[in-house]
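Q: Sharing a structure below in structure tokens format, with a few things to ask.
Quick note: the coordinates plus some simple rules give every number you see, no bench work behind them. What you are looking at is a predicted structure, and each value in this text was computed from that prediction instead of being measured. Positions of Cβ are generated from backbone atoms using ideal geometry, with glycine treated the same way; all protein chains shown enter the neighbour counts.
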Amino acid sequence: MKLTDFDYFLPAELIAQEPAPRRDLSRLMVVYRDQGVIEHRLFQDVIDYLHPGDLLVINETKVIPARLPGKKAGSGAKVEVLLLKPLDGRRWEALVRPGRRVRKGDTLLFGDGLFFGTVEESTGFGGRIISFDWAGDFADLLARAGQMPLPPYIKKYAGDPFRYQTVYARQEGSVAAPTAGLHFTEELLARIRAKGVAVKPVLLHVGLGTFRPVKVEDITRHHMHAEYYEISGDTAQAVNAVKRKGGRLVAVGTTTVRCLESAALDGGEVSPGKGWTDLFIYPGYRFKVVDALITNFHLPRSTLLMMVSAFAGREKILHAYRVAVEKRYRFYSFGDAMLII
């Protein structure tokens, strides 16, 4: 398939610049895969589409303040580092801006000298390997010197940074939020559980693999950047039990889908464990465990749009996106949601 097969027109004013006044008051488009029917609801109504015996799987990753404004030692030139993933105790894979200013051997200062990093080498995708040096707790230093890594299409958000975290975020490690989960409140999750729907966590730390743009026209030649994931024995047991009983597995977000499908066996069961996944899901992929998907509206030509197209059909999804534009839905990270069943 071609990259241009996943393009669509989006007016700039529909790119959400801030979240809805309340998480569960975002709009919800419901898309039926078989009939192609579309319904328009509020996100709090998602409970109406969940049934006793279903399993809702969430990604409990937590966004770190991964955007680090800094300066080059000596020249004082401003640079910005976006942490992607830790390689060992002190070395990180990162993106830098502007790339032409940051070369091997450069020393970068952060937080007015709170800590510094040395550029060790360049990576194949235009990033850098940076070795950091600090005293004390690195997480605390990041909290003091770093910023929430909001996507570049969110221009001037100055609200509560917690709105870019899910209410169930537990394990730090992501450089972008699993945005489908941003619509849930603790109260809504409690109502879902009370209805007889189990809620279980997985972990996938969102990194470059999720938001790296596709730059080849033949999408089968795109290679995903690996992201770290974990599935506990308890969650795997719950997934396998609901599948055996004929219940539905409802994944919250494309990152949850990647995690579950990466650990899925050919027989449709999921094995517990941890590791790195570079699974790229695009039309033609046969899903092993996921039955329904809660997701946001994604960028044109993105791997996320390709995944939802694989799940519901490219024509149905692009039609749903055209309807979303006509109905003035809000797009991307702080935007509205879609439920595909």
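Q: Of 127, 138, 83, whose Cα points farthest to the positive end of the dipole of segment 68-145 (charges on the beta-carbon: +1 Lys, Arg; -1 Asp, Glu; origin at the Cα centre)?
A: Farthest towards the positive pole: 127.
Q: Rounded to the nearest 20 Debye, what is the dipole magnitude of the chain about its Cα centre when Lys and Arg each give +1 and Asp and Glu each give -1 at the C-beta?
A: Rounded to the nearest 20 debye, it is 560 debye.
Q: Give me the Å³ per residue figure for the convex hull around the C-alpha atoms of the chain.
A: Residue-normalised Cα hull volume stands at 140 Å³.
Q: Be a star and scan segment 86-123 for residues whose amide nitrogen sits under 13 Å from the point 7 Å along the Cα-to-Cβ vector of residue 276.
A: It comes to 86-88, 92-94, nothing else.
Q: Related question: So which trypsin sites (Lys or Arg not before Pro) in segment 259-324 are both in a DSSP loop and have at most 11 other Cβ atoms within 10 Å of their Cβ?
A: Here the sparse-neighbourhood loop sites are 286.
Q: Quick check: the distance between the Cα centres of segment 242-321 and segment 12-47, to the nearest angstrom?
A: 19
Q: Could you size up the charge dipole of segment 68-145 around its Cα centre, putting +1 on the beta carbon of Lys and Arg and -1 on that of Asp and Glu, and report it in debye to the nearest 20?
A: With Lys and Arg at +1 and Asp and Glu at -1, about 420 debye.
Q: On to the next question. At 0.36 nm per residue, and after removing the present C-alpha to C-alpha distance, how many nm does the segment from residue 104 to residue 80 gain when stretched out fully?
A: Result: 7.1 nm gained on full extension.
Q: How fast does segment 68-145 diffuse by Stokes-Einstein, in µm²/s, taking the Kirkwood radius from C-alpha pairs at 37 °C and 0.692 mPa s?
A: Translational D for this selection: 267 µm²/s.
Q: Under unit Cβ charges (Lys, Arg +1; Asp, Glu -1), what dipole magnitude, rounded to 20 debye, does segment 246-329 have relative to its Cα centre?
A: 340
Q: Report the local net charge at residue 285: Lys and Arg +1, Asp and Glu -1, summed over other residues whose C-beta lies under 13 Å from its C-beta.
A: +3
Q: For the chain, with a Gaussian network of springs between Cα atoms less than 10 Å apart, report the residue from 77, 198, 312 with the top mean-square fluctuation.
A: Of the options given, 77 has the highest mean-square fluctuation.
Q: Within segment 289-305, what residues put their amide N at less than 17 Å from the label point 7 Å along the Cα-to-Cβ vector of residue 45?
A: 294-295
Q: With a Förster radius of 35 Å, plug the Cβ-Cβ distance of residue 139 and residue 315 into 1/(1 + (r/R0)^6) and report the FRET value to the nearest 0.05.
A: Given R0 = 35 Å and the Cβ-Cβ separation, E is 0.15.
Q: Along the charge dipole of the chain, Cβ charges K/R +1 and D/E -1, which of 175, 313, 68 sits furthest on the positive end?
A: Result: 68, furthest along the dipole toward the positive end.
Q: Projecting each Cα onto the charge dipole of segment 193-341 (Lys/Arg +1, Asp/Glu -1 at the beta carbon, about the Cα centre), which of 204, 338, 259 comes out farthest on the positive side?
A: The listed residue farthest towards the positive side: 338.
Q: How much length, in nm to one decimal, is gained on full extension between residue 232 and residue 167, taken as 0.36 nm per residue of separation minus their Cα-Cα distance?
A: Length gained, residue 232 through residue 167: 21.4 nm.
Q: Follow-up question, since we're still on this one. Is it possible to state the helix-based mean residue ellipticity at 222 nm for the chain, with each DSSP H run of 4+ residues giving -39500 (n - 2.57), the sum divided by total residues, to the nearest 500 deg cm²/dmol? What is it?
A: -5500 deg cm²/dmol
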